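Reading through the structure tokens given below for one structure.
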Amino acid sequence: MSKKYDTPMLDELEKGAFPSFVTEIKRAAAHSDMSNDLLGHTETCYKERVTHWKHGGIVGVRGYGGGVIGRYSDMPDKFPGVAHFHTVRLNSPSGFYYKADALVELCDLWDKYGSGLTNIHGSTGDLVFLGTRTENLEPFFAETSSRGWDLGGSGSALRTPSCCLGKSRCEWANIDTMAITNDITQHYQDEMHRPAFPYKFKFKVAGCACDCIASIARADMSIIGTWKGNIRVNQAEVANYAKTMNIQAEIIDMCPTGCMKLDGKELRIDNANCNRCMHCIAKMTKALRPGTEQGATLLLGSKAPIVTGALMSWVIVPFIKMEPPYEEFYELIDKIWEWWDENGKNRERIGELIERLSFPRFLKEVGLEPSPAMVKEPRRDPFFFWAEEDIER
Amino acid sequence: MEKEEVKKIIYALVEASTGKKKLKQSDILKKVSADHGIEKDEVKAALRDLVDAGTLIFTYFGGSFIEIPPK
Ligand code: HEM
Ligand code: HEM
Ligand code: SF4
Ligand code: SF4
């Protein structure tokens, strides 16, 4: 297809060192009317400084309440290619592993049923297919589901869980992130496809505190691998590092809890005071390894600033074994969701609800023991509280 | 209660609130369960049948709702 629109404002976004979505849309426009009209539509939005997208309405295929995000242009006569421009989310596999031929096949299907534009992966994790018409939703779903794919989450539902690649490639993984993510996905199919929550809920699973999936800032529940007991130290390797590294400056002085010291050539760790931040282990990979009693810390509450400001997750369970069938974990999740369902307002995330009703009340009603590890953020420990019955008068 | 009965109750509830107040899935579960003394899971199963059949659909307007599909 030849160029249909002049786009001086969009063209500005092709300049500079970074990859440009404008360049990609132009490439797609060479063989897609939808992408061509998308350029014209977007340029108009920029020029008039107002969005011409309408959203909402249609959300899925038959039987599903999510997975499709409805978008319509309010200038369908001018830009018929984007009169409908719905997004389809497909559930990404744990750890984001694909065979190349599967990706090629999906892209071919999207050239056939949609704009040809994709976003792999969206911030939520899913494979995001941008731009299709309502009548193409069912056929695209039929083609993909017959090849083993399923829609991801959207709306007031469980969103597609995601994780770091964990034990498949990383020696620091304290939990099997991929197995856990897959289990959560299968366990909560109903919660994902039939929205029943006050608002969205996300799980992200990281194998250790390096948190390569950024779960602490992006998931209502962050599951982060950790260990109990002592960091394993190989003193011979410590001595080797001493030849090339200033251990005092780069490791010991940067330990957030000040729990390490050098004793001659030997590294000593006061493990009771270590908060398992991973700094020393990530720097001295050959000398230090996590302890052997492995599990996860569960954190709750993070979200981006949509209705109110951004929140980070904070600890609600300092240590839990994360092994199949994850009974204790699922029992807790069900209790948390029940509490949210009872008390949450429409569009209120779990973290906001806890802020509104108070953390002590959350702990009490969900049945969790307060603990000093429940640090909301450095220097704000919300765990000191007394209930009426604790006070002797 | 028979599932077909529950389905009728749910449909009537959604129909009555059309144009007045959009209902969320949890609104329906709470209301039908409280009014008729049936378990939420039972209401959920009936609602699921209705959605699977396309008699009711999920919509999204700043939140997910259950509605009668447009003609
Ligand atoms: C010019 C005067 C002061 C400055 C610049 C100052 C600065 C600081 C700083 C930077 C911190 C560390 C905060 C953190 O780690 O998050 C701190 C902590 C603290 N300050 Fe001050 N401060 C001053 C005066 C005082 C005075 C007069 C008192 C008490 C009478 C005081 C009591 C404390 C206490 C109790 C802590 C907490 C220590 C902890 O939790 O580890 N400060 N101050
Ligand atoms: C019975 C008396 C007191 C009790 C029970 C008490 C209790 C506490 C508690 C529980 C914290 C929070 C600690 C944390 O989150 O890490 C705190 C922080 C603090 N207290 Fe007190 N406190 C008392 C008296 C005082 C007095 C008299 C001062 C100053 C003259 C003071 C200055 C501070 C400061 C500056 C902080 C903030 C530390 C920070 O943010 O790092 N406190 N106090
Ligand atoms: S979060 Fe930890 S376990 Fe996961 S990939 Fe990153 S370093 Fe490895
Ligand atoms: S893991 Fe972090 S807190 Fe623990 S010893 Fe190493 S640097 Fe210190």
(Q) In square angstrom and rounded to 100, what buried accessible area do you get between chains A and B, total over both, with the probe at 1.4 Å? (A) 1600 Å²
Q: Report in % the part of the accessible area of the protein assembly as shown that belongs to carbon and sulfur, leaving out ligands and nucleic acids; probe 1.4 Å.
A: 52 percent
Q: Note down the Stokes-Einstein diffusion coefficient of the protein assembly as shown in µm²/s, whole number, using a Kirkwood radius over alpha carbon pairs, 20 °C, and 1.002 mPa s.
A: 86 µm²/s
(Q) Need the C-alpha centroid separation for the stretch A:212-284 versus the stretch A:129-169, integer Å. (A) 38 Å
**Q.** Relative packing of B:55-67, A:319-331, A:284-296, which averages over residues the other C-beta atoms within 10 Å, highest first
**A.** B:55-67, A:284-296, A:319-331
Q.
As I understand it, the value is the acute angle between the Cα axis of helix A:177-187 and the longest principal axis of the Cα atoms of chain A; what does it come to in degrees, rounded to 10?
A. 60 degrees
Q: Quickly rank A:149-156, A:269-276, A:126-133 as a protection proxy: mean count of other C-beta atoms within 10 Å, highest first.
A: A:149-156, A:126-133, A:269-276
Q: In nm, give the distance between the simple-model label positions of A:Val50 and A:Glu388, each being 7 Å from the Cα along the Cα-to-Cβ direction.
A: 5.5 nm
Q | Count of lysine pairs in the stretch A:8-145 with Cα separation under 25 Å (8 or more residues apart, or interchain) | A | 11
Q) Please state the relative contact order of the stretch A:7-153 as a whole percent: Cα pairs under 8 Å, 6+ residues apart? A) 21 percent
Q | Tilt relative to chain A, helix A:33-48 - C-alpha long axis, 0 to 90 degrees, to 10 | A | 80 degrees
Q: Rounded to the nearest 500, what is the 222 nm mean residue ellipticity of chain A from helices alone, with -39500 (n - 2.57) per DSSP H run of 4+ residues and division by all residues?
A: -9000 deg cm²/dmol
Q) What is the extension gain from A:Asp108 to A:Asp33, computed as 0.36 nm multiplied by their sequence separation minus the C-alpha to C-alpha distance, in nm to one decimal? A) 25.4 nm
Q.
From the C-alpha coordinates alone, can you work out the Kirkwood hydrodynamic radius of the stretch A:230-289, in Å?
A. 11.3 Å
Q. What is chain A's relative contact order, in percent, from Cα pairs under 8 angstrom and six or more apart in sequence?
A. 11 percent
Q: Please determine, in degrees from 0 to 90 and to the nearest 10, the orientation of helix B:40-52 with respect to the longest principal axis defined by the Cα atoms of chain B, where the helix direction is its Cα long axis.
A: 50 degrees
Q.
List the pairs from A:Lys364/B:Lys30; A:Lys265/A:Lys321; A:Lys204/B:Lys24 whose alpha-carbon separation is above 30 Å, in the order I gave them.
A. A:Lys265/A:Lys321
Q: Using only C-alpha atoms and all pairs of different ones, pull out the Kirkwood radius for the stretch A:1-59 in Å with one decimal.
A: 12.4 Å
(Q) Under a crude label model (7 Å from the Cα following the beta-carbon direction), how far is A:Asn246 from A:Asn275 in nanometres? (A) 2.5 nm
**Q.** Peptide A:190-202, shielding by other chains (average Cβ, 10 Å cutoff)
**A.** 4
Q: Over the stretch B:3-67, calculate the relative contact order: mean separation of alpha carbon pairs under 8 Å at least 6 apart, over the residue count, as a percent.
A: 38 percent
(Q) Before I look further, what does the protein assembly as shown give for accessible area per residue, probe 1.4 Å, in whole square angstrom? (A) 50 Å²
Q: Could you state the orientation-averaged shadow area of the convex hull built on the Cα atoms of the stretch A:145-186, in nm² to one decimal?
A: 3.8 nm²
Q: Per residue of the stretch A:213-223, in order, report the coupling 6.51 cos²θ - 1.76 cosθ + 1.60 (Karplus, θ = phi - 60°) as ³J(HN,Hα) in whole Hz, putting x for Gly and Pro.
A: 9, 6, 5, 5, 10, 10, 10, 4, 10, 9, 10
Q | Occluded residues from the stretch B:16-40, i.e. those whose accessible area drops by 10 Å² or more once the chain is not alone (1.4 Å probe) | A | B:Lys24, B:Gln25, B:Ser26, B:Lys30, B:Lys40
Q. When the accessible area of each residue in the stretch A:47-64 is compared between its chain alone and the complete protein assembly (1.4 Å probe; ligands, DNA and RNA ignored), which residues differ by at least 30 Å², being lower in the assembly?
A. A:Gly57, A:Val59, A:Arg62, A:Gly63
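The values are calculated or read from the model by the stated rules, or taken from the named source; none is laboratory data. Being a predicted model, the structure only gives us computed values, none of them experimental. We place every Cβ from the backbone using ideal geometry, glycine too, and count neighbours over all the protein chains shown. Keep in mind that these areas ignore ligands, DNA and RNA; they rest on the heavy atoms of the full protein, side chains included. Shrake-Rupley method; radii C 1.70, N 1.55, O 1.52, S 1.80 Å.
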